[in-house]
1. Work out, step by step, the length gained on full extension between Ala25 and Cys101: first 0.36 nm times the residue separation, then minus their alpha carbon distance; give nm to one decimal.
2. How high is the relative contact order of segment 59-140? Use alpha-carbon pairs under 8 Å, at least six apart in sequence, and give a whole percent.
3. Using DSSP to call loops (not H, G, I, E or B), can you name the GluC sites (Glu not before Pro) in segment 114-144 whose Cβ has at most 16 other Cβ atoms within 10 angstrom?
Amino acid sequence: MDALDWMLVGELQENLPPGENPWQALACRLGISEDDVVARLKGLKASGKLKRVGAVLRHQNSGFAANAMAVFLPPPGRTDELGEKLAASPMVSHCYERVPCGEWIYTLYAMIHGRTEEEISAFVSAFAAENGVERYDILFSREELKKSSMVFFGRPGNEPG
């Protein structure tokens, strides 16, 4: 990675500039073209130095007042299938599998956002019924304690020498 790549990745640790074209605004910050930003990001991804660029949803600011972690115990052999179905829903921001622990039997987890707790409950119970999931629970968030972007190295301008 050259110095410009380090600066670009450093900028990605911050919020992207607001507006219709954050890549253009980012390019202006770095003194390069938008095409250069996109080409560098593609190169970093192709080389394995950048896994992905992801958004942090501030769901309360976007009209989603309720969110919950839904946990499921899928029927044997159906975890991948049901995980893909959950992940395809616009209400689900992320979905993953975990190993059960002690009395906690659930293996499929999904973070679900909705306008109300009732909307989330209806989605989860319908999903469970449609897919033969007998054991599930819904853990509603009561307070957001932290939400921040990953920081892998110092702030822009502090890249390795």
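Only the coordinates and a few stated rules stand behind these numbers; no lab work does. Nothing here was measured: the structure is a model prediction, and the numbers come from that model. Using ideal geometry, Cβ is built from the backbone for each residue, glycine included, and neighbour counts are taken over all protein chains shown.
1. Values: separation 76, 0.36 × 76 = 27.36 nm, distance 4.60 nm.
In short, 22.8 nm is gained.
2. It comes to 44 percent, rounded to a whole number.
3. Here the GluC sites (Glu not before Pro) that fit, given the DSSP loop and packing criteria, are Glu134, Glu143, Glu144.
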